[in-house]
Amino acid sequence: MSRRVPHGRSGSRRVAVLLSAIACGSVLVSCSSDDGGGSSATASITPRPTPPNTSNFTGTPPSAIASAASSIIASASERASSAAASVEARASEFAASVSADTARAAATAEKELKNVQGSGNATSEVAMTGVPLAETGGVRAVLITITNKSGETASYAVQVDFKNPDGKVVETKFVGKENLEAGKKATPIVISRQPAEPQLTAVLTKAQRY
């Protein structure tokens with residue numbers, strides 16, 4: 001004779017196990033359901049790892065990426081400093097080479113122009129061309145071209161004013177050439193000591209042949 005379990009008791013047992021599993025979820029506990037006969041069903045849940053509390057750290061763990069980034073930044077900074085030093089050195093060399101050749105001529109030109117009224121008698125014999133900053137190391141410079149059109153040997157004195165965007169003269173420079181033969185050209189350079197900004201405009205103010 002076969003033995004059958006009453007439907008009521010079997011259904012209650014299945015419901016109890018199901019509710020136990022739902023109640024346990026992912027919590028780290030052992031749950032059981034009593035079937036009334038002393039037996040139990042136990043569900044074990046694998047614990048999830050808990051991330052460390054970084055607020056308690058006293059240092060920063062080493063990182064290959066962080067080290068690489070630091071190396072790149074340091075290298076870039078070193079290159080930038082080297083480039084800046086190189087530009088400054090080129091600017092100083094350029095200014096020194098020019099001033100060594102023109103200092104005396106500038107003093108003479110300034111003296112000659114002191115009593116000159118108006119723009120002088122030789123503005124048509126003088127032209128100006130800006131020198132690219134890349135060639136001067138960032139120094140603002142103007143190439144003065146003096147062409148002796150008088151037909152005989154003569155000396156020249158030139159005044160160049162640098163004006164700001166408002167038209168105000170912020171710097172005045174003098175340059176000259178002595179004993180320039182007829183038909184020949186001289187190309188002295190005028191250098192501004194003003195900062196690169198704001199942009200300045202070089203203006204030929206006076207040019208005197210004497």
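Taking Lys and Arg as +1 and Asp and Glu as -1, the other residues whose beta-carbon sits under 10 Å from that of E125 total +3. Of the two radii for segment 138-206, the radius of gyration is 1.06 times the Kirkwood radius, both from the alpha carbons; that is the Rg over Rh value.
Throughout, read-outs are computed from the coordinates displayed, never taken from laboratory work. All of these numbers come straight from a predicted model, not from anything done at the bench. Because the Cβ atoms are built from the backbone with ideal geometry, glycine has one as well, and the counts that use them run over all protein chains shown.
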